1. Can you find a residue that is more than 14 Å from the chain's Cα centre (by Cα) and at pLDDT below 95 anywhere in segment 1-15?
2. Looking only at segment 9-52, count every residue that is closer than 17 Å to Ala77 by Cα, free of Cβ contacts under 8 Å to residues at least 24 places away in the same chain and part of a helix (DSSP H, G or I) and tell me the total.
3. Run down Gly18, Gly48 and say which single residue is among the small types (Gly, Ala, Ser) and either touching a strand residue (DSSP E or B) at 6+ places or on another chain (Cβ under 8 Å) or crowded, with 18+ Cβ neighbours inside 10 Å (or both).
4. Hey, among Ser63, Ser72, Ser103, which residue is at pLDDT 95 or above, polar (S, T, N, Q) and either open to solvent by 40 Å² or more (accessible area, probe 1.4 Å) or in contact with a helix residue (DSSP H, G or I) (Cβ under 7 Å, 6 or more places away or on another chain) (or both)?
5. Looking at the structure I just gave you, is Met88 surrounded by 14 or more Cβ atoms within 10 Å (Cβ to Cβ), within 23 Å of Asp17 (Cα to Cα) and modelled with pLDDT under 95?
Amino acid sequence: LPEDVVFAAREAWQDGDGQLALSYLYRGAITWLVHRVDLPIAEGDTEGDCLRHVRGMEDQLLSAYFSDLTDSWVGMAYGKQKPDNLEMERLCERWPFAKPGRSGP
């Protein structure tokens, strides 16, 4: 993963690579959750499994963000449904993993 996940996601998005952009955000989120809060996500867990783990944390900010991110990631990765520019910008702007009190991935 790049050091600045959001910056890299925005660059990939601007370069027309939506799948890479969402991949950075999704993998960055998973990395942060596993390494910073020890969320028990296994390598074989599906996106749904990961979302259930995050919801189990009872952190509404993370749960809401990760749910939106998962929806966009699944739509792009499996359905080839690229989110619009506004949704991608919202995902980048709302990135909760490097806010004060939280360390980045």
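The values are calculated or read from the model by the stated rules, or taken from the named source; none is laboratory data. This one's a predicted model, so the numbers in the text were calculated from it and none came from an experiment. Ideal geometry is used to build each Cβ from the backbone, glycine not excepted, and the neighbour counts take in all protein chains shown. Just the protein is used for accessible areas: all its heavy atoms, side chains included, with ligands, DNA and RNA removed. Shrake-Rupley method; radii C 1.70, N 1.55, O 1.52, S 1.80 Å.
1. yes
2. Looking only at that region, the number is 8.
3. Gly18
4. Selected residue: Ser72, the only one of Ser63, Ser72, Ser103 that is at pLDDT 95 or above, polar (S, T, N, Q) and either open to solvent by 40 Å² or more (accessible area, probe 1.4 Å) or in contact with a helix residue (DSSP H, G or I) (Cβ under 7 Å, 6 or more places away or on another chain) (or both).
5. Here the answer is no, as Met88 does not meet what is asked.
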